[in-house]
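Undergrad: Have a look at this one.
The values are calculated or read from the model by the stated rules, or taken from the named source; none is laboratory data. A quick note: this is a predicted structure, and the numbers were derived from the prediction, not measured. When we count neighbours, we look across all protein chains shown, and the Cβ atoms used for this are built from the backbone with ideal geometry, even at glycine. Note: areas computed on protein heavy atoms with side chains; ligands, DNA, RNA excluded. Shrake-Rupley method; radii C 1.70, N 1.55, O 1.52, S 1.80 Å.
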Amino acid sequence: MSSLPALAITGSTGQLGGAVARILADAGVAQRLLVRDHSRAPQLPGAEAVLVNYSDTTFTQEALAGAKTLFFVSAAEAEDRLQQHFNVVDAAAAAGVEHMVYTSFFGAAPDATFTLGRDHYATEEHIRNSGMAYTFLRDNFYIDFFAALAGEDGVIRGPAGSGTVAAVTRADVAEVAAVVLQNPSQHRNRTYSLTGPEELTLGEVAEILSAETGQQVRYHNETVDEAYESRASYSAPPWQLDAWVSTYTAIANGELSGTTTDVFDITGHRPRSLREFLQDEGQN
Ligand SMILES: NC(=O)c1ccc[n+]([C@@H]2O[C@H](COP(=O)([O-])OP(=O)(O)OC[C@H]3O[C@@H](n4cnc5c(N)ncnc54)[C@H](OP(=O)(O)O)[C@@H]3O)[C@@H](O)[C@H]2O)c1
């Protein structure tokens, strides 16, 4: 039997998983950090790092021996990301993990406009069919990401039209995850849609960025053809270009609209707004 902590966390070398691991460590919770490079694992009280490889199901299963709860942060964008996700789910089920908490995407569906939302739905389905209990955290776009959206010329470009987005901070998602992970049975087989406190058009995002950062930011509503053309210089593969452009068309189609009370209901506090996020950043 493994003597490693029964709570396993992925993504702790990254922003979201790192924030979750820090909250858990501060709360005195023992955790097993699944990392792909020991030297980059955060040094936290009660945390033990174990190597993992999403491409190797047997290796990942060994890393999860004795784990009961797994926080699975979706992998970095890659052409084979869905297969990597399936490998981790299969490894967790084979290792005897009882409950998986997965960071999915707002409105995940087989026909989601945001192409990666389809992969999140397929991952959810794979988890549902695995027999493990689950909690899905369907995160809207990160406010942190919108704060860095404008190009060097201060222009946010994309075919989002006048659609709105109810973006949420990573910090709020991390707090939700930490609450769920400390008491998973209370959140068994639940799906939460995590949003900020308001829905904004990208024009409104640009206005808030301008007011709070002092940099003049404006929104340019590209056509879909313009969106592909303006991103062509990155020489990205077609699946990645589709993901980038559909970030905006999903907003245009209203699929990122609508606030929920899930962050409040789980953490007991109102989610942070874009303006509050930028003001906090300005103080740090
Ligand atoms: N809702 C949104 O707006 C939004 C925006 C961006 C991303 N996302 C999703 O949310 C996830 C977390 O966001 P974040 O900001 O915390 O990202 P991040 O800072 O890039 O962290 C990603 C974490 O996942 C780990 N990881 C990624 N691919 C892996 C793999 N194949 N095998 C093992 N570990 C892997 C990384 O490990 P390494 O340090 O070893 O790379 C890192 O610890 C992202 O991975 C992405 O799927 C959502």
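Undergrad: Kirkwood hydrodynamic radius of the chain from all distinct Cα pairs, in Å?
TA: 19.5
Undergrad: Can you give the calculated 222 nm mean residue ellipticity of the chain, where each DSSP H run of n ≥ 4 adds -39,500 (n - 2.57) and the sum is split over every residue, rounded to the nearest 500 deg cm²/dmol?
TA: Calculated from helices alone, the mean residue ellipticity at 222 nm is -12000 deg cm²/dmol.
Undergrad: Enter the accessible area per residue of the range 1-105 (Å², integer; probe 1.4 Å; all protein chains in place).
TA: Ligands and nucleic acids excluded, the figure is 43 Å² per residue.
Undergrad: Whole-Hz ³J(HN,Hα) for each residue in the range 183-195, computed from phi via Karplus 6.51 cos²θ - 1.76 cosθ + 1.60 with θ = phi - 60°, x for glycine and proline: what do you get?
TA: 8, x, 4, 6, 10, 4, 6, 10, 10, 10, 9, 9, 10
Undergrad: Just name one of Q84, G96, S55: the one whose Cα is farthest towards the positive end of the charge dipole of the range 27-130 (beta-carbon charges, Lys/Arg +1, Asp/Glu -1).
TA: G96
Undergrad: While we're here: Please compute the length gained on full extension between E48 and Q182, using 0.36 nm multiplied by the number of residues separating them and subtracting their Cα-Cα distance.
TA: Here the answer is 46.5 nm.
Undergrad: Here's another thing I want to ask about it. Would you kindly state how much longer the chain becomes between D153 and A232 on full extension, computed as 0.36 nm times their sequence separation minus their alpha carbon distance, in nm to one decimal?
TA: Extra length from D153 to A232 when fully extended: 26.7 nm.
Undergrad: A further question follows. Return, ordered by residue number, the residues of the range 179-215 whose backbone nitrogen is under 17 Å from a label point located 7 Å along Cα→Cβ of T267.
TA: 179-183, 192-199
Undergrad: Further, regarding this structure: Would you mind pulling out the separation of the Cα centroids of the range 83-148 and the range 15-71, in Å?
TA: Cα centroid to Cα centroid, the span is 18 Å.
Undergrad: Moving on to the next point. Using unit Cβ charges (K, R positive; D, E negative) and no other charged atoms, how large, in debye to the nearest 20, is the dipole of the chain about its Cα centre?
TA: With only Lys, Arg, Asp and Glu charged at Cβ, the dipole is about 860 debye.
Undergrad: How far is it, in nm, from the label point at S2 to the one at Q15 when both lie 7 Å from their Cα along the line to the Cβ?
TA: 2.9
Undergrad: Return one whole number: the accessible area per residue of the range 216-263 in Å², for a 1.4 Å probe.
TA: Here the per-residue accessible area is 54 Å².
Undergrad: Rank L209, G196, Y219 by how far each Cα sits towards the positive end of the charge dipole of the range 186-230 (+1 on Lys, Arg Cβ; -1 on Asp, Glu Cβ) and give me just the farthest.
TA: Positive-end residue among those listed: G196.
Undergrad: Okay, next question. Explain nothing, just compute: Karplus ³J(HN,Hα) = 6.51 cos²θ - 1.76 cosθ + 1.60, θ = phi - 60°, for every residue of the range 119-130 in order, whole Hz, x for Gly and Pro.
TA: The phi angles translate into 5, 5, 4, 5, 5, 4, 4, 5, 5, 4, 7, 7 Hz.
Undergrad: Quick one: with all protein chains in place, what share of the accessible area of the chain is carbon or sulfur, to the nearest percent (1.4 Å probe)?
TA: Of the solvent-accessible surface of the chain, carbon and sulfur hold 46 percent.
Undergrad: So, one more: With +1 assigned to the C-beta of every Lys and Arg and -1 to the C-beta of every Asp and Glu, and no other charges, what is the dipole magnitude of the range 1-132 about the Cα centre in debye, to the nearest 20?
TA: For the range 1-132, the charge dipole is close to 360 debye.
Undergrad: Relative contact order (percent) for the chain, with alpha-carbon contacts under 8 angstrom and 6 or more residues of separation?
TA: 18
Undergrad: Expected output is a single nm value to one decimal: the length gained when fully extending between R128 and T223, i.e. 0.36 nm times separation in residues minus the C-alpha distance. What is it?
TA: Gain on extension, R128 to T223, equals 30.4 nm.
Undergrad: Among rounded, prolate and oblate, which fits the range 1-67 when a ≥ b ≥ c are the square roots of the eigenvalues of its C-alpha gyration tensor, a/c under 1.5 means rounded, and a/b larger than b/c means prolate?
TA: Oblate is the answer for the range 1-67, as a/c is 1.5 or above yet b/c matches or exceeds a/b.
Undergrad: So how far apart, in nm, are the two label points at H38 and T213 if each is 7 Å from Cα heading toward Cβ?
TA: Output for this residue pair reads 4.0 nm.
Undergrad: Next question. How much of the DSSP bridge set in the chain is antiparallel, in percent, rounded to the nearest 5?
TA: That works out to approximately 5 percent antiparallel.
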